[in-house]
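S.K.: Sending over a structure as structure tokens; questions will come in a sec.
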Amino acid sequence: PNEAMLIAVDLGATSGRVIAGTVTANSVELRQTSRFANAPVTIWEGTTPARHWSILDLYRGAIEGLRTAVREAAAANVSVASIGVDSWGVDYGRLSNGRMRDIPYHYRDERTTAGVAAAHALMPHAELYAINGLQHLPINTVYQLMADLEAGNLEGIDSILQIPDLFNYWLTGVQRAETTNASTTGLLDIRTREWSRPLVERLGLPFGMLPQLSTPGETIGSLLPSVTDEIGAASSVPVVSVGSHDTASAVVAIPSTSHDFAYISSGTWSLVGLELDAPVLTEASRKANFTNEAGVDNTVRYLKNVMGMWLLSECLGEWERAGTPQDLVSLLREAETVSGAAVFDVDHPELLPAGPMTRRIAARCDEAGQPIPSTPAEFVRSIVESLAAAYAVHINDACELSGSSVSSIHIVGGGSQNALLCQLTANQTGLPVIAGPVEGTAMGNVLVQARSAGIVSGDVETLRAIVSASTQLTRYEPQR
Ligand code: LFR
């Protein structure tokens, strides 16, 4: 069984990947078998434009990637042990009688504003937080569902499935809600890790549309015969629940051998925080807007969403549309020499939707009495500097609010390749930053599958030791 292939389908906000993993007791190796774009679409819906995920394109990308992985496994004469799917949180498909009834909305669609008002009119945030422990973000599933309810979009709907759950259902015919991702809905009781019937009913949402929960490591089902054929597998393959919330999988793959670390899972968003044994549901924590999300093996991901690389990618898109495309690698190099860059509030709600990002950032800098960036390199420096400043504040707050202390910071995900960001984070926090792995999410996904297949055994610490033993890491010491 040591030579078995474990396949991760990892869907991110800008691209999807199918990754073949091989795991032994002291190594994890990943090979990307395919990568496809995740390009959201905006369509007119009678009164407003609406932003959706092009979900069928993503599913096609996953199927084609699975076909390639299966072909490669056969050529290498190894068996495919299982498949695990993860993606971003909060979004979902609506189904009736097993059929998807509408195109899933993108969390950056602005209909959520109405949903927040509708939810808080029935249950103020303090009451929601006491049960779900979730930071207030307008993108949370609960607010999207309230917007759907008001718009009549839940009529006839008997089931909702978050994105990985939807893919698992299309692969196996089995409907389940995986717990780590379910914790991003706002409908889960974070202490019991069960759906909160009182919360759901007070909001007037149909409890019956919530699927049975599954926890990471459980087998959901096996590939449907039609899917087995489609991907060219010789026989059906089990589909396993992983930390299907990408951040939960990323946290599994933090290459730490001790427990006193903070992490930054750095992609489109930066998820900044700590791993805890129990949620922090105090009023101070709620006011600081910290979230308690469910992690693999009953851990709590105590963290904050920071706007992240979204700010950079939106600026790059803007320059490209303006006919002045920029290369990020050279911009970052140039940004190293910019001094006195403006520091602005990266978490400002106006920066959340897609739109004219440089203008919005300039407004934030102006508001803060800071110099307004003018060149692309100045914008980049300002974004990176402001992200690092936000990380430092949030890590400090997370420690204070939870009574923890940390001696290092791990940065995993795409942002771990951004040397300027890593160095500025070390400088701002006064702590060493350990960068890598880049594909942390896929690694966490594959490791939980490997444990489920009996290839490795042990707790999350054991899985982390495997990552640490087989990944090239970069260390940044604080400089002042
Ligand atoms: C990161 C992430 C965050 C979640 C955001 C929206 O990819 O999953 O954890 O808050 O996307 O779902």
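S.K.: Rounded, prolate or oblate: which fits segment 71-126 when a ≥ b ≥ c are the square roots of the eigenvalues of the alpha-carbon gyration tensor, with rounded for a/c under 1.5 and prolate only if a/b beats b/c?
M.R.: Prolate.
S.K.: Determine ³J(HN,Hα), in whole Hz, for all residues of segment 284-297 in sequence, where each value follows from phi through the Karplus function 6.51 cos²θ - 1.76 cosθ + 1.60 and θ = phi - 60°; x replaces Gly and Pro.
M.R.: Running phi through 6.51 cos²θ - 1.76 cosθ + 1.60 with θ = phi - 60° gives 4, 5, 5, 5, 7, 6, 8, 10, 10, 9, 6, x, 5, 6 Hz.
S.K.: Which percentage, to the nearest 5, of the DSSP beta bridges contained in the chain is antiparallel?
M.R.: Details: 50 of 69 bridges.
Of those bridges, close to 70 percent are antiparallel.
S.K.: Next question. Please turn the phi angles of segment 274-281 into ³J(HN,Hα) values with the Karplus equation 6.51 cos²θ - 1.76 cosθ + 1.60 (θ = phi - 60°), one per residue in order, whole Hz, x for glycine and proline.
M.R.: 10, 9, 10, 8, 9, x, 10, 10
S.K.: For the residues 383, 131, what sequence is obtained by ranking on other C-beta atoms within 10 Å, fewest first? Before the final figure, lay out each step's value.
M.R.: Values: 383 27, 131 20.
With the sparsest Cβ surroundings first, the list reads 131, 383.
S.K.: Arrange the following residues from fewest to most other Cβ atoms within 10 Å of their Cβ: 41, 272. Working shown, then result.
M.R.: Details: 41 12, 272 28.
Ranked by crowding around the Cβ, least crowded first: 41, 272.
S.K.: Now, a different point. How would you order 322-328, 196-202 from highest to lowest mean count of nearby Cβ atoms within 10 Å?
M.R.: 196-202, 322-328
S.K.: Add -39500 (n - 2.57) for each DSSP H run of 4 or more in the chain, then divide by its residues: what number comes out at 222 nm, to the nearest 500 deg cm²/dmol? Don't jump to the answer; show the numbers that get you there.
M.R.: Numbers: 17 runs with 181 residues, N = 480.
The per-residue figure over the chain is -11500 deg cm²/dmol.
S.K.: Okay, moving on. Modelled label-to-label distance, residue 297 and residue 324, 7 Å Cα→beta-carbon offset: nm?
M.R.: Going from the residue 297 label point to the residue 324 one covers 5.1 nm.
S.K.: Shape of segment 334-480 from its Cα gyration tensor (a ≥ b ≥ c, root eigenvalues): rounded if a/c is under 1.5, otherwise prolate when a/b > b/c, or oblate? Mind dumping the intermediate values first?
M.R.: Values: a/c = 2.16, a/b = 2.00, b/c = 1.08.
It is prolate, given that a/c is not under 1.5 and a/b is the larger ratio.
S.K.: Still on this structure, I have one more. Is segment 1-93 best put as rounded, prolate or oblate by its Cα gyration tensor, with a ≥ b ≥ c the root eigenvalues, rounded for a/c under 1.5, and otherwise prolate when a/b is larger than b/c, oblate when not? Mind showing how you got there, number by number?
M.R.: Values: a/c = 3.56, a/b = 2.56, b/c = 1.39.
The shape class here is prolate.
S.K.: Within 10 Å of each residue's Cβ, count the other Cβ atoms and sort 125, 394 from fewest upward. Write down the numbers at each step before the final one.
M.R.: Values: 125 16, 394 24.
Taking fewest neighbouring Cβ atoms as first place, the list is 125, 394.
S.K.: Each residue of segment 221-228 in order: what ³J(HN,Hα) in whole Hz does its phi give by Karplus 6.51 cos²θ - 1.76 cosθ + 1.60, θ = phi - 60°, with x for Gly and Pro?
M.R.: x, 10, 3, 4, x, 5, 6, 3
S.K.: Relative to the present Cα-Cα distance, how much length would full extension add between residue 474 and residue 345 at 0.36 nm per residue of separation?
M.R.: 43.6 nm
S.K.: Can you tell me the dipole magnitude for the chain around its Cα centre, using point charges on the Cβ only (Lys, Arg +1; Asp, Glu -1), in Debye to the nearest 20? Spell out each step's value before the answer.
M.R.: Values: 31 positive and 51 negative charges, 60 e Å.
So the dipole magnitude of the chain works out to roughly 280 debye.
S.K.: Span-like helices, the chain: DSSP H, alpha-carbon axial extent 27 Å or more, mean Kyte-Doolittle 0.0 or greater, which ones?
M.R.: Going by DSSP H runs, the hits are 55-75, 376-402.
S.K.: 5 Å is the cut-off here: which amide hydrogens, built 1.01 Å from N in the peptide plane, fall below it relative to residue 50, excluding neighbours closer than 5 in sequence?
M.R.: The answer is 43, 44, 45.
Where a number appears in this text, it was derived from the coordinates with a stated rule and is not lab data. Remember, it's a predicted structure, so these values are computed and weren't measured experimentally. Using ideal geometry, Cβ is built from the backbone for each residue, glycine included, and neighbour counts are taken over all protein chains shown.
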